[in-house]
1. Hey, what do the phi angles of region 250-263 turn into as Karplus ³J(HN,Hα) couplings, whole Hz, using 6.51/-1.76/1.60 and θ = phi - 60°, x for Gly and Pro?
2. Classify region 187-279 from the C-alpha gyration tensor, please: rounded if a/c falls under 1.5, else prolate or oblate depending on whether a/b exceeds b/c.
3. How many percent of the accessible area of region 152-202 is carbon or sulfur, using a 1.4 Å probe?
4. Collect residues whose amide H, placed 1.01 Å from N in the peptide plane, falls under 5 Å from the amide H of Asn168; neighbours closer than 5 in sequence don't count.
5. Quick check: Cα centre of region 210-262 to Cα centre of region 98-154, how many Å?
6. Quote to one decimal, in nm, the extra length available between Ser160 and Arg145 on full extension: 0.36 nm per residue of separation minus the C-alpha distance between them.
7. Once ligands and nucleic acids are excluded and a 1.4 Å probe is used, how much of Arg233 is accessible, expressed in Å² to the nearest 10?
8. Filter the cross-link list Lys111/Lys200; Lys88/Lys171; Lys88/Lys248; Lys88/Lys111; Lys171/Lys213; Lys155/Lys202 down to pairs whose alpha-carbon distance in this structure exceeds 27 Å.
Amino acid sequence: MASVLDPELKRALAERVRFYNELGIYDFYRRDVTPVADETATVNFIQPEQREEMSPRKAAVAVPAAPDENMFEVISSRPETGVSDPIKALKLIREDLGDCTRCRLAKQGRKQIVFGVGNPEAELMFIGEAPGADEDQQGEPFVGRAGQLLTNMIKAMGLSREQVYIANIIKCRPPNNRTPERDECETCSPFLMRQIATIKPKVIVALGAVAAKTLLAISDSMSNLRGRWYDFRPAGARSNDPNWTSAKLAVTYHPAFLLRDPRQKGEAWKDLQMAMKELGLKAPKKSDV
Ligand code: SF4
């Protein structure tokens, strides 16, 4: 039988849910908890310190079961929920991101947020690490030298940039192109998860170690991560389409790494061929490229 929730606790829970919504986290799961005598202890159950444990694969937040179930449904509804047009849904996610200041990168010299580009219904998504100087300047991912190489890789697969969707784990350029910090990836990636759940790709290719480790929450060497498929479900984000629950994810080298070590291009091509086989693609004849 439902018990009456203390108004103060209800208010605290509602505020906490809003706090997570601000971070782009909308999905929560209920977990029955042993009743506690001290209500403070219940509130502490979802204190911010727990964010440290929230890898992107674990971005759903446990909250104690509350009798007023509608409270969570109403507050935690994503703006794109129920929007079947992926163009509109992506626009709503972009609006929700706003002029984002959720992590320190907002104040470390970024010119603009680099959201993602390409076909909103792409079967194939490429996900890199972070925007660089050219991307920061132009507001589009992978437009510099590494971007040119990625474009060539996509062409070699028999596709164009417009047919795929390209994004990064984080959307703002880190100063001096440093590697993104873990907390920056965790703060930003829920928006990427929502983009993935909207686009519903068949195949995702993670470009480089940061993308692979953030998406898969696995810390391993590139040689161990490559050469196999992973079943990928965007953490904390559900698709509108009940028929789409996951994508197949493969890992390959970041194009910037391939520019530094071109000998690895053959290995990257093997990874792309794996993706092509999955998508039923055939490499175009050289004369067509
Ligand atoms: S990197 Fe992501 S979370 Fe950080 S400020 Fe930019 S958009 Fe916001």
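The values are calculated or read from the model by the stated rules, or taken from the named source; none is laboratory data. Keep in mind the model is a prediction, meaning the values are calculated, not measured. Virtual Cβ from ideal backbone geometry, glycine too; neighbours counted across all protein chains shown. For the accessible areas, the whole protein counts, side chains as well, though only heavy atoms, and no ligand, DNA or RNA atoms are used. Shrake-Rupley method; radii C 1.70, N 1.55, O 1.52, S 1.80 Å.
1. 10, 10, 9, 6, 5, x, 5, 5, 5, 5, 7, 9, x, 4
2. Values: a/c = 2.28, a/b = 1.63, b/c = 1.40.
It comes out prolate by the Cα gyration axes.
3. Working: 770 of 1750 Å².
On region 152-202, the fraction of accessible area on carbon and sulfur atoms equals 44 percent.
4. When sequence neighbours closer than 5 places are left aside, the close amide H contacts are Gly128.
5. Cα centroid of region 210-262 versus Cα centroid of region 98-154: 17 Å apart.
6. On the way: separation 15, 0.36 × 15 = 5.40 nm, distance 1.69 nm.
Between Ser160 and Arg145, full extension yields an extra 3.7 nm.
7. Roughly 120 Å² of Arg233 is accessible to a 1.4 Å probe.
8. Values: Lys111/Lys200 29 Å; Lys88/Lys171 20 Å; Lys88/Lys248 25 Å; Lys88/Lys111 25 Å; Lys171/Lys213 17 Å; Lys155/Lys202 18 Å.
Listed pairs above 27 Å: Lys111/Lys200.
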